Amino acid sequence: MAFKLGKRSLEKLEGVDERMVAVVKSAIGRSSQDFSVICGLRTRAEQEKLVKSGASKTMKSKHLDGLAVDLMAWDSNATPNGRWELNLYDEIADAMASAARDVGVDICWGASWATEAMPYPMNIRHWNGTRSEEHTSNSSHTVISYAVFCLKKKKKNNNTQKKKKNRETHN
């Protein structure tokens with residue numbers, strides 16, 4: 001069964017770099033695990049609130065430039081529908097890596113930022129399907145970082161900047 005993004009997921013992709021949007025849209029159709037987009041472009045105020053609450057560690061988030069998305073595994077037969085078991089994110093990461101290769105962009109995955117062979121930030125297009133020992137043994141990573149996927153290199157995107165400015169003036 002091919003999954004597709006819902007209305008809310010598509011709304012969360014507004015203002016996100018078109019390359020990341022292309023990866024996410026391609027990945028959902030090839031993923032063996034359904035997922036939704038729970039966060040895309042953030043305003044500075046949104047990021048400050050997340051840092052203050054401890055949900056984020058930095059004011060240099062790639063979400064501020066529309067270069068990152070947070071994805072949540074989804075199971076319509078489970079309660080709650082959103083799932084956080086790490087093994088489900090391996091399936092999503094496989095689909096994201098495959099889609100990134102097809103789109104021709106380098107992306108990173110929060111659960112596998114680095115390995116000895118590929119220091120931070122690791123390019124998921126070269127991911128071999130395993131997480132580094134640091135991330136499989138460090139429980140803080142399994143809680144907060146495995147939902148995030150981000151582009152490695154920043155590209156100026158006038159559309160993203162316009163939408164970001166529009167969101168900030170309306171918040």
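None of the figures in this text is laboratory data; all of them are computed from the coordinates on show. Keep in mind that what you see is a predicted model, and the values were worked out from it rather than measured. Glycine also receives a Cβ, built like all others from the backbone with ideal geometry; neighbour counts cover every protein chain displayed.
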Could you sort the peptides 45-53, 22-30 by per-residue average Cβ neighbour count (10 Å cutoff), highest mean leading? 22-30, 45-53
What value does the stretch 1-108 have for Rg/Rh, both radii from Cα atoms and Rh as Kirkwood defines it? 0.97
Once the piece of chain linking R30 and E14 is laid out straight, how much longer is it, given 0.36 nm per residue of separation minus the C-alpha distance between them? 3.6 nm
For the stretch 1-62, using Cα atoms only, the Rg and Dmax in Å read 13.5, 41
For labels at A22 and K7 in the simple 7 Å Cα→Cβ model, what's the distance in nm? 2.9
